[in-house]
Amino acid sequence: MSTIMKHTGHPSAEEQLRQRADVIRLQLTQGVSKPFKKIIDICSGDIHSVGMKPLTFVRQVVLAGCLCPNLLASDALPHDARQRAQKLLENCDGGSVGAYAESSGMAYVQRTVAKFISTRDDVPSNTAHIFITSGSIRAITVVLKLLAQGGAVSQTGVLIPVPFPYTLPRVLESVGSVPLPYLLREEAEWRIEMEVLHRALLSYKGHYWPRAIYISNPGNPTGHVQSRESIQEVIQFAAQENLFLLVDEVYQDTVFGVGCEFVSYKKVLAEMGPPYSHTVQLASVHSLSNGIMGECGLRAGYMELVNVDESVMLFAEALLCGDISTAITGQIALKVMADPPKPGDPSHCLYKQEVEYRQNTLKHNMYRTAEFFNTLPGFHCPPVQSGVFIYPRLTFSPKALTHAQGLGLEAGLWYCGRLLEEEGVRVGVSECVDEAGSHKSSWHLRLCVLMPPDALEEVLYCLQAFHCRILKEF
Ligand SMILES: Cc1ncc(COP(=O)(O)O)c(C=O)c1O
């Protein structure tokens, strides 16, 4: 498995598609003729970019009320949005969102996040252990930097799932950590198989210093939701192998699979009791960007550190000092995410309606898209339990494989590259591998489906037309 993460010196298929999309975008602005008017980018999970509207209350409090305090004297905004904005401004230095805040976040926001976690898990959360960051990727980077201290940096290894969130290898690379892949198998419905995990770790020992295990739950891009039992097994594994648990829980509010439920690692760890609850080191990250809120551009998230030494937390703070502070607008939005309008508040009804619309749209679009792919020859798409991505598998005909090979391209890149050139649709792509790291001649596409249903239909129409052309040709 270790072979698949080696740098080949070539940009990955994802990176090549991104670069090409940028060129096409520029060409479109220069008036170059294309078979489409704009690029539809559905690989990144940025739901606002594909037409989802922001939640009204977030914008009323964050952007209208706090950025333009004059509005607080009028009744242009609902009473509770004005009250919230007022209170938030009182917690900003000088009463302005233009002021700096503490490196690890506004204390007011940290307290709200701690309360959100305590209520979610029914386990106390300590405000001093909450760090507000400019997104979860920044939080993950800080944790990785902490882990890289005190060891030979180049040898610090992090167990990561395959498939992984597409941004993860770049993050590891940026801090000099070595990705140590463990395979998730579609045949096993993407759950973590402990024997696979043990085998993977054994193969890396002696070569690297496995320091941490990264978990994405609910899984990106697989959409798998871990059961309590599975989480317990991973915690036991981390304890036994002395691994730091780095848990990415950014899709926690997007679980829709029947019988599935999001349970946090922190909760399970606390429930397991000593020695685990007092010893296993854990960082849990969450963010505004993913899931229902989808405010990627406001750039805020948090991490909670559990069982981490005080001196290490001071060091985390020192690392965050480099950012001066996370943008206040993002922190305010995070506060709203952690403490949305309550029943009885003037804005509650609309907020609830908007959130439910998104949840229903997500569920509807997932079923619709899975059904769609399962009718296309060559595709296979099992049901998804959570997240905003659908992850169908595509197997090519021998003729198509030979054709791509003749062009010197991986078949997945060839297919997605043509989709981009001919329809202006950018999707994510990765090759299927087995436990030994060997390629299996089939690919997974990654598509964000949380978008207005008519926009989704437009995308599916393009995909169908394109796939039929390919089928005819090959
Ligand atoms: C695994 C994973 N976590 C989190 C994020 C969101 O990052 P951020 O919160 O920094 O926007 C992404 C975005 O691509 C991701 O792939």
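Can you tell me how many residues within segment 43-59 are part of a loop (DSSP other than H, G, I, E, B), in contact with a helix residue (DSSP H, G or I) (Cβ under 6 Å, 6 or more places away or on another chain) and either loosely packed, with under 14 Cβ neighbours inside 10 Å or β-branched (Val, Ile, Thr) (or both)?
Qualifying residue count, segment 43-59: 0.
Among the residues of segment 166-195 satisfying the criterion of being in contact with a Phe, Trp or Tyr (Cβ under 6 Å, 6 or more places away or on another chain) and at pLDDT 95 or above, which is farthest from the ligand (Cβ to nearest atom)? That would be LEU180.
Would you mind stating whether ARG191 is closer than 30 Å to CYS68 by Cα and assigned by TED's automatic domain parsing to the domain that holds MET303?
no
When you look at ALA333, is it in the same structural domain as VAL142 (by TED's automatic domain parsing), of a type outside the set (Ser, Thr, Tyr), crowded, with 21+ Cβ neighbours inside 10 Å and outside any loop (DSSP other than H, G, I, E, B), yes or no? Criteria met by ALA333. Among the criteria (1) assigned to a helix (DSSP H, G or I); (2) among the hydrophobic types (A, V, I, L, M, F, W, C); (3) under 28 Å from the mean Cα position of the chain (by Cα); (4) more than 16 Å from the ligand (Cβ to nearest atom), the one LEU72 does not fulfil is (3). Check whether at least one residue in segment 156-165 is away from the ligand (no atom under 12 Å from the Cβ), part of a helix (DSSP H, G or I) and either touching a residue at least 24 places away in the same chain (Cβ under 8 Å) or aliphatic (A, V, I, L, M) (or both), and report yes or no. No, because not a single residue in segment 156-165 is away from the ligand (no atom under 12 Å from the Cβ), part of a helix (DSSP H, G or I) and either touching a residue at least 24 places away in the same chain (Cβ under 8 Å) or aliphatic (A, V, I, L, M) (or both).
Hey, among the residues in segment 183-216 that are under 30 Å from LEU394 (Cβ atoms) and charged (D, E, K, R), which one's nearest to the chain's Cα centre (by Cα)? Break it down stepwise before answering.
Filtering segment 183-216 down to residues under 30 Å from LEU394 (Cβ atoms) leaves 183-197, 199-200, 203, 213-216.
This time we only want the ones that are charged (D, E, K, R), so: 185-187, 189, 191, 193, 195, 199.
On the way: ARG185: 20, GLU186: 19, GLU187: 23, GLU189: 19, ARG191: 17, GLU193: 22, GLU195: 26, ARG199: 27 Å.
Filtering first and then ranking leaves ARG191.
Filtering segment 284-306 for residues that are closer than 14 Å to ILE137 by Cα, surrounded by fewer than 20 Cβ atoms within 10 Å (Cβ to Cβ) and either more than 11 Å from the ligand (Cβ to nearest atom) or within 15 Å of the chain's Cα centre (by Cα) (or both) leaves a non-empty set. Look at segment 202-217: where a residue is part of a strand (DSSP E or B) and a partner is within 16 Å of the ligand (Cβ to nearest atom) and acidic (Asp, Glu), sitting 6+ places away or on another chain with Cβ atoms under 6 Å, you get SER216/ASP248. Looking across PRO221, PRO169, one residue alone is more than 20 Å from GLN281 (Cα to Cα) and either out of contact with any Lys or Arg (no Cβ under 6 Å at 6 or more places or on another chain) or part of a helix (DSSP H, G or I) (or both). It is PRO169.
For segment 241-267, which positions are closer than 20 Å to ILE140 by Cα, outside any helix (DSSP H, G or I) and within 16 Å of the ligand (Cβ to nearest atom)? Once the filter is applied, which keeps residues that are closer than 20 Å to ILE140 by Cα, outside any helix (DSSP H, G or I) and within 16 Å of the ligand (Cβ to nearest atom), segment 241-267 yields LEU245, LEU246, VAL247, ASP248, GLU249, VAL250, TYR251, GLN252, ASP253, SER264. Residue check: is ALA114 away from the ligand (no atom under 16 Å from the Cβ) and either over 30 Å from ALA283 (Cα atoms) or out of contact with any strand residue (DSSP E or B) (no Cβ under 6 Å at 6 or more places or on another chain) (or both)? Spelling it out, it is not the case that ALA114 is away from the ligand (no atom under 16 Å from the Cβ) and either over 30 Å from ALA283 (Cα atoms) or out of contact with any strand residue (DSSP E or B) (no Cβ under 6 Å at 6 or more places or on another chain) (or both).
Any residue that is closer than 18 Å to ASN307 by Cβ and not hydroxyl-bearing (Ser, Thr, Tyr) - is there at least one of those in segment 218-233?
Taking segment 218-233 as the starting set, the residues that turn out to be closer than 18 Å to ASN307 by Cβ are 231-232.
Keeping just the survivors that are not hydroxyl-bearing (Ser, Thr, Tyr) gives 231-232.
Yes: segment 218-233 contains one or more residues that are closer than 18 Å to ASN307 by Cβ and not hydroxyl-bearing (Ser, Thr, Tyr).
Among the residues of segment 72-107, just one is surrounded by 17 or more Cβ atoms within 10 Å (Cβ to Cβ), out of contact with any strand residue (DSSP E or B) (no Cβ under 7 Å at 6 or more places or on another chain) and of a type in the set (Ser, Thr, Tyr), namely SER103.
Residues in segment 99-112: is at least one free of Cβ contacts under 8 Å to residues at least 60 places away in the same chain, in a loop (DSSP other than H, G, I, E, B) and closer than 20 Å to GLY301 by Cα? Within segment 99-112, not a single residue is free of Cβ contacts under 8 Å to residues at least 60 places away in the same chain, in a loop (DSSP other than H, G, I, E, B) and closer than 20 Å to GLY301 by Cα.
Being within 16 Å of the ligand (Cβ to nearest atom) and modelled with pLDDT of 95 or more narrows it down to one of VAL123, VAL109, so name that one.
Only one candidate qualifies: VAL109.
In segment 31-63, what residues are among the β-branched types (Val, Ile, Thr) and free of Cβ contacts under 8 Å to residues at least 24 places away in the same chain?
Filtering segment 31-63 for residues among the β-branched types (Val, Ile, Thr) gives 32, 39-40, 42, 47, 50, 56, 58, 61-62.
Scanning segment 31-63 gives a single hit, VAL32.
Right, ASP454: touching a residue at least 24 places away in the same chain (Cβ under 8 Å) and either surrounded by fewer than 16 Cβ atoms within 10 Å (Cβ to Cβ) or not aliphatic (A, V, I, L, M) (or both) or not? Spelling it out, it is not the case that ASP454 is touching a residue at least 24 places away in the same chain (Cβ under 8 Å) and either surrounded by fewer than 16 Cβ atoms within 10 Å (Cβ to Cβ) or not aliphatic (A, V, I, L, M) (or both). Taken as a whole, segment 257-264 holds no residue that is out of contact with any strand residue (DSSP E or B) (no Cβ under 8 Å at 6 or more places or on another chain) and in contact (Cβ under 8 Å) with a residue 40 or more places away in the chain.
So that you can scan it fast, the table gives a plain yes or no per residue for (1) buried (at least 19 other Cβ atoms within 10 Å of the Cβ); (2) in contact (Cβ under 8 Å) with a residue 60 or more places away in the chain; (3) under 22 Å from ASN365 (Cα atoms); (4) within 15 Å of the ligand (Cβ to nearest atom):
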{"position": "HIS198", "(1), (2), (3), (4)": "no, no, no, no"}
{"position": "THR222", "(1), (2), (3), (4)": "yes, yes, yes, yes"}
{"position": "ALA239", "(1), (2), (3), (4)": "no, no, no, no"}
{"position": "LEU269", "(1), (2), (3), (4)": "yes, no, no, no"}
{"position": "VAL280", "(1), (2), (3), (4)": "yes, no, no, no"}
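Per the conditions (1) closer than 25 Å to GLY408 by Cα; (2) more than 16 Å from the ligand (Cβ to nearest atom); (3) without any contact (Cβ under 8 Å) to a residue 60 or more places away in the chain, the sole criterion not satisfied by GLU15 is (2).
The values are calculated or read from the model by the stated rules, or taken from the named source; none is laboratory data. Being a predicted model, the structure only gives us computed values, none of them experimental. When we count neighbours, we look across all protein chains shown, and the Cβ atoms used for this are built from the backbone with ideal geometry, even at glycine.
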